[in-house]
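Peer 1: Take a look at the following structure, please.
The values are calculated or read from the model by the stated rules, or taken from the named source; none is laboratory data. Owing to the predicted nature of the structure, the values given are computational and were not obtained by experimental measurement. In this analysis, Cβ positions are derived from the backbone assuming ideal geometry, glycine residues included, and neighbour counts consider all displayed protein chains. Quick note on the areas: whole protein, heavy atoms, side chains included, nothing else; ligands and nucleic acids left out. Shrake-Rupley method; radii C 1.70, N 1.55, O 1.52, S 1.80 Å.
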Amino acid sequence: MPNKHRLQTTDPEIAEFLEKELARQEQGLEMIPSENYVSKAVLEALGSILTNKYSEGYPGRRYYGGNQFIDQIENLAISRAQKLFGAEHINVQPYSGSPANLAVYTALLKVGDKIMGMDLACGGHLTHGYKVSASGKFFTSVSYYVNEKGLLDYDAILEAAKKEKPRLIIAGASAYPRLIDFAKFAEIAKEVGAYFMADIAHIAGLIIGGVHPSPLPHADVVTTTTHKTLRGPRGAIIMSKIEDPLDPGGKKNLAQKIDSAVFPGLQGGPHNHQTAAIAVALKEAGTSEFKNYAKQIVKNAKTLAETLLEEGLELVTGGTDNHLMLIDLTNLGIGGKQAETALDLAGITVNKNVIPFDQRKPMDPSGIRLGTPALTARGMKEKEMKIIGHLISQVLKNINNEDIIRQTKKAVEELTAMFPIYKKMIHSNFPLLID
Ligand code: DSN
């Protein structure tokens, strides 16, 4: 790791944890679908002296001096995002996805206005109106649901929207394994006179790779985190139209409303080291290697899903079209918590997850969620997905068998040793991660 020796001298305790976490990331199979491995170039920008600078405001209009280089960094990040996604206006300052979503709500809505998002258990996100989040506390929130097959039903969503008349409709998910029809959502929002926001945090990289339809130009606002399939640092971007469809000719246009909601509405100084690292990730995402990477994520997910189905496991919606899948554990007679723990012991990291209409509690739900972005970043392909599908099935079917868990861990270590991440790579198809 860069500066390891300085960190080791100054703070050996933190250095040791960092070494251990590095070993965990190298030796395990990271299958949480919202996680990934960034390149060394991204790490370098993130761990840089840019963290020293205050820059409240926006390029060319800062409240502090000395921002001539920070302005250029932020402008580069903006123009790269604009080129990749084709948005009219970009804000790269949100600290992460949750504050980005809150910024959109405070920009467009008054406290108490109604928002409509996907139900959490159906695959939605906390910040799409769940009751314990600010989005559900400060705004009136209603949900739409998936059907009995686990799929979005656009006719039912239209009916719900007509009945509820929300001011904002949110499309986007954290645990939905199928494609989202953003054009249909835009039609629904238009029909009921609502703003339409798409949260593409999970699928931003897939959109760049052309393996998921883009919500641009259908949505009024699009938010994304930068650290999931986009393979950048933790952070977020808000993209929007310039004109406000529900307030044409208003005192501020839509873009201005978003910018002032981020700063000074919710945040202080932008994290310039994060902005620089986002710019680097966006440059990487503009390469043909990245597009191949995104395509391979989906090929890998489909192969993994087919393998799990062949092993007799049940998947919500029966498979996947994107980077993730949900295993319904009900028929195995085990819960998500037990499955997550057993797989963790075997060196396979997944997360327990509620499934649509779950009868169990969120802390021990009926499902686990898993995905392929991080495995694909280390160069794994269909052949490895078949092996991994078999290993997962073996653990889930022998959840209390310590020998099987030990053998699986050994197999995982042998496999991951062939696909090193930050050490010299021998099998990489994605040279952005190599020394
Ligand atoms: N925590 C993220 C996820 O895992 O999907 C969403 O914020």
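Peer 1: Working only within segment 316-356, note down all residues that are surrounded by 21 or more Cβ atoms within 10 Å (Cβ to Cβ), of a type in the set (Val, Ile, Thr) and assigned to a loop (DSSP other than H, G, I, E, B).
Peer 2: Correct list: Thr320, Val350, Val354, Ile355.
Peer 1: Go through segment 32-79 and count every residue that is away from the ligand (no atom under 16 Å from the Cβ), part of a loop (DSSP other than H, G, I, E, B) and acidic (Asp, Glu).
Peer 2: 1
Peer 1: Continuing with this model, one more query. Which one of these does Gly210 not meet: (1) assigned to a helix (DSSP H, G or I); (2) surrounded by fewer than 24 Cβ atoms within 10 Å (Cβ to Cβ); (3) touching a residue at least 40 places away in the same chain (Cβ under 8 Å)?
Peer 2: In the conditions (1) assigned to a helix (DSSP H, G or I); (2) surrounded by fewer than 24 Cβ atoms within 10 Å (Cβ to Cβ); (3) touching a residue at least 40 places away in the same chain (Cβ under 8 Å), Gly210 misses (1) alone.
Peer 1: Name the single residue that is nearest to the ligand (Cβ to nearest atom) among those in segment 219-243 being of a type outside the set (Val, Ile, Thr) and not in a loop (DSSP other than H, G, I, E, B).
Peer 2: Ala236
Peer 1: Where residues in segment 100-131 are on the phi < 0 side of the Ramachandran plot, within 14 Å of the ligand (Cβ to nearest atom) and part of a loop (DSSP other than H, G, I, E, B), which of them is surrounded by the fewest Cβ atoms within 10 Å (Cβ to Cβ)?
Peer 2: The selected residue is Tyr130.
Peer 1: Shifting gears a bit: Please count how many residues of segment 174-185 are over 21 Å from Leu84 (Cα atoms) and either surrounded by 19 or more Cβ atoms within 10 Å (Cβ to Cβ) or within 16 Å of the ligand (Cβ to nearest atom) (or both). Spell out the reasoning first.
Peer 2: Quick first cut of segment 174-185, residues over 21 Å from Leu84 (Cα atoms) only: 174-178, 184-185.
Pick out the ones that are also either surrounded by 19 or more Cβ atoms within 10 Å (Cβ to Cβ) or within 16 Å of the ligand (Cβ to nearest atom) (or both) and you get 174-178, 185.
Looking only at that region, the number is 6.
Peer 1: Hey, another quick one. Scan segment 160-173 for residues that are free of Cβ contacts under 8 Å to residues at least 40 places away in the same chain and within 16 Å of the ligand (Cβ to nearest atom) and report the count. Walk me through how you get there before you give the answer.
Peer 2: Taking segment 160-173 as the starting set, the residues that turn out to be free of Cβ contacts under 8 Å to residues at least 40 places away in the same chain are 162-163.
Retained after the next criterion (residues that are within 16 Å of the ligand (Cβ to nearest atom)): none.
Within segment 160-173, residues that are free of Cβ contacts under 8 Å to residues at least 40 places away in the same chain and within 16 Å of the ligand (Cβ to nearest atom) number 0.
Peer 1: Same structure again: Among the residues of segment 351-399, write down those that are modelled with pLDDT of 95 or more, among the aliphatic types (A, V, I, L, M) and over 30 Å from Ser39 (Cβ atoms).
Peer 2: Across segment 351-399, the qualifying residues are Val354, Ile355, Val395, Leu396, Ile399.
Peer 1: Follow-up. In this structure, does Ile368 turn out to be in contact (Cβ under 8 Å) with a residue 12 or more places away in the chain and touching a strand residue (DSSP E or B) at 6+ places or on another chain (Cβ under 8 Å)? Break it down stepwise before answering.
Peer 2: Working: in contact (Cβ under 8 Å) with a residue 12 or more places away in the chain: yes; touching a strand residue (DSSP E or B) at 6+ places or on another chain (Cβ under 8 Å): yes.
Criteria met by Ile368.
Peer 1: With Ala301, Ala342 as the choices, which residue is farther than 26 Å from Lys40 by Cα and not hydroxyl-bearing (Ser, Thr, Tyr)? Spell out how you get there, then give the answer.
Peer 2: Numbers: Ala301 fails: farther than 26 Å from Lys40 by Cα.
Answer to the check: Ala342.
Peer 1: A further question on this structure: Pairs please, first residue from segment 332-361 and more than 23 Å from Thr372 (Cβ to Cβ), second anywhere and open to solvent by 70 Å² or more (accessible area, probe 1.4 Å) and modelled with pLDDT of 95 or more, Cβ atoms under 8 Å, 6+ apart in sequence or on different chains.
Peer 2: Taking only residues 6 or more apart or on different chains, the pairs are Gly335/Arg360.
Peer 1: Of the residues that sit in segment 186-201 and are in contact (Cβ under 8 Å) with a residue 60 or more places away in the chain and touching a Lys or Arg at 6+ places or on another chain (Cβ under 8 Å), which one is nearest to the ligand (Cβ to nearest atom)? Outline the logic, then answer.
Peer 2: The initial filter retains those residues of segment 186-201 that are in contact (Cβ under 8 Å) with a residue 60 or more places away in the chain, namely 194-195, 197, 199, 201.
If we keep only those that are touching a Lys or Arg at 6+ places or on another chain (Cβ under 8 Å) as well, we get 194-195, 201.
On the way: Ala194: 23, Tyr195: 21, Ala201: 6 Å.
Only one residue fits best here, namely Ala201.
Peer 1: Report, ordered by the first and then the second residue, all pairs with beta carbons closer than 9 Å, sequence separation of six or more or different chains, a first member in segment 29-46 that is open to solvent by 50 Å² or more (accessible area, probe 1.4 Å), and a second member that is within 11 Å of the ligand (Cβ to nearest atom) and of a type in the set (D, E, K, R).
Peer 2: Going by the 9 Å Cβ cut-off, the qualifying pairs are Glu35/Lys228; Leu46/Arg234.
Peer 1: Look at Val298 and say whether it is more than 16 Å from the ligand (Cβ to nearest atom), farther than 26 Å from Pro99 by Cβ and either at pLDDT below 95 or open to solvent by less than 20 Å² (accessible area, probe 1.4 Å) (or both).
Peer 2: Numbers: more than 16 Å from the ligand (Cβ to nearest atom): yes; farther than 26 Å from Pro99 by Cβ: yes; either at pLDDT below 95 or open to solvent by less than 20 Å² (accessible area, probe 1.4 Å) (or both): yes.
Yes.
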